[in-house]
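Below is one structure, written out as structure tokens, with a few remarks after it.
Taken together, the values in this text are just the output of simple stated rules run on the coordinates, not laboratory data. Small disclaimer: the values here were computed from a predicted structure and weren't measured. No Cβ is skipped: glycine too gets one built from the backbone with ideal geometry, and neighbour counts run over all protein chains shown.
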Amino acid sequence: MEAICNFLPRDPSNRDIEYQHFVYEADLKTLKQPFVRSSFIMHLAYKGEAMLRIDDVEYLLTPGTLFITFPYQQYQIIDRNNFTYLYISFGGVGAEKLLSKFDIKKERMVFENFSHVTDFWMTSIRRINPGNILVLTESVLLYTLSYISQFEQKYENNVSPEFNEILQYIENNLSDPGLSIGKLADIFSFNKKYLSALFSKNMPLKFTEYLAKIRIEYAVKLIENQKLSVSELASKCGFTDPFYFSKIFKKITGTSPSKYQKGVQ
């Protein structure tokens, strides 16, 4: 599918939010980077994989990752595996107020697991014509924001300090090959079934999926900063079997660790 770039007309109703572009970007490598835009931009990763570098922090972008950038905020998207994405740019006096309703700020602007909205984005951008462009663009933006609202409400209502401690423990012990829901239950004095249910209730991923995801994100950071063999990477990320590590790495990033390493050298 080729790139699609829609420029939105000025809205004669003088509404507080002005929608400027609705774009499907299929050729990231031709764009001049780093980006510095004068508007807010909501991005949705569609295919492939890339690294987002913003404010000296890096995020792994895989299909379904949603992120929002702010006016004049410098950022870079580094293609790793034929990355394509969609974005909507918007501004106006009401734009910042709208995002603040969902507690979206520079410290909280990357959201995982939004693959469920991808079809709506793609269907909408294909349907656009001069008569519906404003309505469709606004609908996509607000529809997507509504899921951020639902997730945040669920998170605030259900996540206890104890659960945050568990998440922190996981992040601090990714190299432990014995890290499991059972071990966590023993450490934090929970029933195993209760902890598993608590994790499912508060996180969009099952425990095993979450653990694999953050281990591979850690592996990507290691590849960016160190020269390690696949076996060394696997060990540092808590995998006893390098072949299984490579399988999970490719499943999540779309490429093998060795090919990823070649791409960053």
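Most mobile of 44, 211, 228 per a Gaussian network model of the chain (Cα springs, under 10 Å)?
Judging by the Gaussian network model, the answer is 228.
Specify the inter-centroid distance of the stretch 179-216 and the stretch 32-101, based on alpha-carbon positions, in whole Å.
30
Given springs between every Cα pair under 10 Å in a Gaussian network model of the chain, which of 130, 63, 177 has the largest fluctuation?
Top of the fluctuation ranking is 130.
Would you please name the trypsin sites (Lys or Arg not before Pro) within the stretch 158-203 that are DSSP coil residues with at most 14 other C-beta atoms within 10 Å of their C-beta?
Loop-located and lightly packed - none at all.
Rounded to the nearest whole Å³, what is the per residue volume of the convex hull around the Cα atoms of the stretch 188-247?
108
If you put +1 on each Lys and Arg Cβ and -1 on each Asp and Glu Cβ, how big is the dipole of the chain around its Cα centre, in Debye rounded to 20?
In debye, rounded to 20, the chain gives about 560.
What do you get for trypsin sites (Lys or Arg not before Pro) in the stretch 8-92 restricted to DSSP loop and a cutoff of at most 14 other Cβ within 10 Å of the site's Cβ?
10, 15, 32
My understanding is that a pair violates if its Cα-Cα distance is over 31 Å; which of 105/183; 47/227; 105/201 do that in this structure?
Over 31 Å apart, Cα to Cα: 105/183.
For the stretch 90-124, which trypsin sites (Lys or Arg not before Pro) pass both filters: DSSP loop (anything but H, G, I, E, B) and at most 14 other C-beta atoms within 10 Å?
106
Under the rule of -39500 (n - 2.57) per DSSP H run of 4 or more residues, summed and divided by the residues of the chain, what mean residue ellipticity at 222 nm is obtained, to the nearest 500 deg cm²/dmol?
The helix contribution divided over the chain gives -14000 deg cm²/dmol.
Mind checking the dipole of the stretch 193-265: about its Cα centre, +1 per Lys or Arg Cβ, -1 per Asp or Glu Cβ, Debye to the nearest 20?
Computed charge dipole of the stretch 193-265: roughly 160 debye.
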